[in-house]
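See below for the structure under consideration.
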Amino acid sequence: MTTPASSKLVLLGPPGAGKGTQAELLSARLGTPHISTGDMLRSEISQGTALGVRAKGFMDKGELVPDDLMLGIVRQRLARMDCNEGFVLDGFPRSVPQAVSLDDICGGASPGKLRALSLDVPTDELVRRLTERRTCRKCGAMYHLTFEPPKRPGICDKCGGDLYQRDDDREEIIAARLEVYRKETAPLLTFYRERSALVEVQGTGATEQVFRRVVASLGVPA
Ligand code: AMP
């Protein structure tokens, strides 16, 4: 399948907006890789790498991992062959300096090359989603204890792995993450809007309903 040049997508939105879920669906639809910087960091942590050890301290507090650690792993990942036709980036960029670096990694900021999709969800809904979120330790699949529970408590439907609550999905850390989003990441909406590269979608409702809005707004063929 030939994907259009605009299949370089970045997903924006506060924690709990559904970026991971929509990125996964978009990646399957477009045939481009889903790249989650949060998943990459969690994998470094579980492998006990030096980067993982440094990143964990920031992640556990809900803070951003410094750019000197982030830029290297993102640059390396985007240089891989499977990104030639595009990608769905989830969790990067998270600040204006990271967006400027992403332009540089992608070979310059020509408008229309890269598009940003923003998922909008009210704060009380985000907190509800995050506190009841459970994640599979093995495959990263996500569940919600009330709205999308696993068939067997504590066990992933997809791979049988253990479900756990991410350390940073505890209520006190969620508040810090939302504040970091407001200060560092929300200015990206203006950054991409000013270059006519922003697509805004309401992120409330069922997963499939949000996905229909997403593909319609991006003009992705059904
Ligand atoms: P996520 O899985 O996207 O919610 O990310 C979990 C945590 O990983 C964040 O709260 C940050 O501590 C860290 N992280 C992920 N992506 C980035 C990034 N682009 N820049 C800095 N820190 C990041």
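The values are calculated or read from the model by the stated rules, or taken from the named source; none is laboratory data. These numbers were taken from a predicted model, which means no experiment stands behind them. So basically every Cβ, Gly included, is an ideal-geometry build from the backbone, and we count neighbours across all protein chains shown.
Overview of results
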{"item": "Single unsatisfied condition, residue 140 versus (1) within 16 Å of the ligand (Cβ to nearest atom); (2) of a type outside the set (Phe, Trp, Tyr); (3) buried (at least 19 other Cβ atoms within 10 Å of the Cβ)", "result": "(3)"}
{"item": "Among (1) touching a strand residue (DSSP E or B) at 6+ places or on another chain (Cβ under 7 Å); (2) farther than 19 Å from residue 25 by Cβ, the one test that residue 167 misses", "result": "(1)"}
{"item": "Residue list for the stretch 101-150, restricted to those being within 20 Å of residue 34 (Cα to Cα), under 18 Å from the mean Cα position of the chain (by Cα) and of a type in the set (A, V, I, L, M)", "result": "102, 114, 116, 117, 119, 141, 142"}
{"item": "Which numbered condition residue 58 misses (of (1) modelled with pLDDT of 95 or more; (2) farther than 28 Å from residue 125 by Cβ; (3) within 13 Å of the ligand (Cβ to nearest atom); (4) not charged (D, E, K, R))", "result": "(2)"}
{"item": "Single match in 72, 57, 52, 38 (criterion: farther than 19 Å from residue 140 by Cα and in contact with a helix residue (DSSP H, G or I) (Cβ under 9 Å, 6 or more places away or on another chain))", "result": "72"}
{"item": "Selection count, the stretch 161-174, where residues are in contact (Cβ under 8 Å) with a residue 12 or more places away in the chain and exposed (fewer than 12 other Cβ atoms within 10 Å of the Cβ)", "result": "1"}
{"item": "Residue within the stretch 102-115 that is of a type outside the set (S, T, N, Q), at pLDDT 95 or above, away from the ligand (no atom under 13 Å from the Cβ) and over 10 Å from residue 10 (Cα atoms) present", "result": "no"}
{"item": "Qualifying residues in the stretch 55-101 (those that are surrounded by 17 or more Cβ atoms within 10 Å (Cβ to Cβ) and β-branched (Val, Ile, Thr)) - the one farthest from residue 7 (Cα to Cα)", "result": "65"}
{"item": "Residue list for the stretch 32-43, filter: more than 10 Å from the ligand (Cβ to nearest atom) and either at pLDDT 95 or above or buried (at least 20 other Cβ atoms within 10 Å of the Cβ) (or both)", "result": "32, 33, 34, 35"}
{"item": "Selection status of residue 89, touching a helix residue (DSSP H, G or I) at 6+ places or on another chain (Cβ under 7 Å) and touching a residue at least 60 places away in the same chain (Cβ under 8 Å)", "result": "no"}
{"item": "Pick from the stretch 1-31, criterion surrounded by fewer than 19 Cβ atoms within 10 Å (Cβ to Cβ) and outside any helix (DSSP H, G or I), ranking: farthest from the ligand (Cβ to nearest atom)", "result": "2"}
